[in-house]
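Down below is the structure, laid out as structure tokens.
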Amino acid sequence: VGAVIGPKGRTKRKLEELSGCVLNIDSKEGVVEISSPNKKDALKGLQVISVARAIGRGFNPEKAYQLLEMDYYLEVVDIKDYIGKSKKRLGTVRGRLIGKEGKTRHIIEDMTGCDLAIQGHTVSIISDLGGLEAAKVAVSMVLGGSEHGSVYKFLEGFKRHNR
């Protein structure tokens, strides 16, 4: 909840300004209430929820604001669905997904046009629909144990077909 408020309330104010919604945040209970003065645009409220989730999952607010656009989506992938509950395996798989000096993560982001946030046992993706599907496939390939070279070839094929 603190991340949604931001330093001196800046993130909350900007989100309200961009969305036209009003956010009432109860920090003690961890509850965010969203109200939209424009009743005809109920979708805005759902988009604000996605922005708040993205910020909570570790995205920079500036990247999360993309979710206020019509064709951007947030997908959260639970790494535990692929590896079970092993903390040791979680660290290994997160390391594979990030790659040496962030290489794998950057390649997935560059080839699909998405933004990734890896936090705890989740991988969060913000992208348009085409990039989102390709990024999800690439992430699941890495989580499933595919070699990095295979993942990169898949991404090169995606990029070639979507120029």
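Derivation of every value follows stated rules applied to the coordinates shown; laboratory data play no part. Everything numeric in this text was worked out from a predicted model, so none of it was measured. With ideal geometry, Cβ positions are generated from the backbone for all residues, glycine too; neighbour counts draw on all protein chains shown.
Across the stretch 58-64, computed HN-Hα scalar couplings (Karplus, 6.51 cos²θ - 1.76 cosθ + 1.60, θ = phi - 60°) run x, 6, 4, x, 4, 6, 5 Hz from first to last residue, x flagging Gly and Pro.
Computed from backbone phi with θ = phi - 60° and the Karplus coefficients 6.51, -1.76 and 1.60, the 3J(HN,Hα) list for the stretch 12-26 is 4, 4, 5, 4, 5, 5, 5, 9, x, 9, 10, 10, 10, 10, 9 Hz; x is used for glycine and proline. Only the Cβ atoms of Lys and Arg (+1) and of Asp and Glu (-1) were treated as charged; on that basis the dipole of the stretch 72-161 about its Cα centre amounts to roughly 540 debye. Counting other Cβ atoms within 10 Å as a rough exposure proxy, the listed residues 21, 114 run 21, 114 from fewest neighbours to most.
Shown here for the stretch 1-60: trypsin sites (Lys or Arg not before Pro) in loop regions (DSSP other than H, G, I, E, B) with at most 11 other Cβ atoms within 10 Å, namely 28, 39, 40. Helix-only arithmetic for the chain: the sum of -39500 (n - 2.57) across DSSP H runs with n ≥ 4, divided by the residue total, places the mean residue ellipticity at 222 nm at -15500 deg cm²/dmol. For the stretch 68-80, backbone phi angles converted through the Karplus equation (6.51, -1.76, 1.60; θ = phi - 60°) give residue-by-residue couplings of 7, 7, 4, 9, 10, 9, 10, 10, 10, 9, 8, 4, 4 Hz, Gly and Pro being listed as x. Annotation for residue 33 and residue 63: the two label points, set 7 Å from Cα along the Cα-Cβ direction, are 3.2 nm apart.
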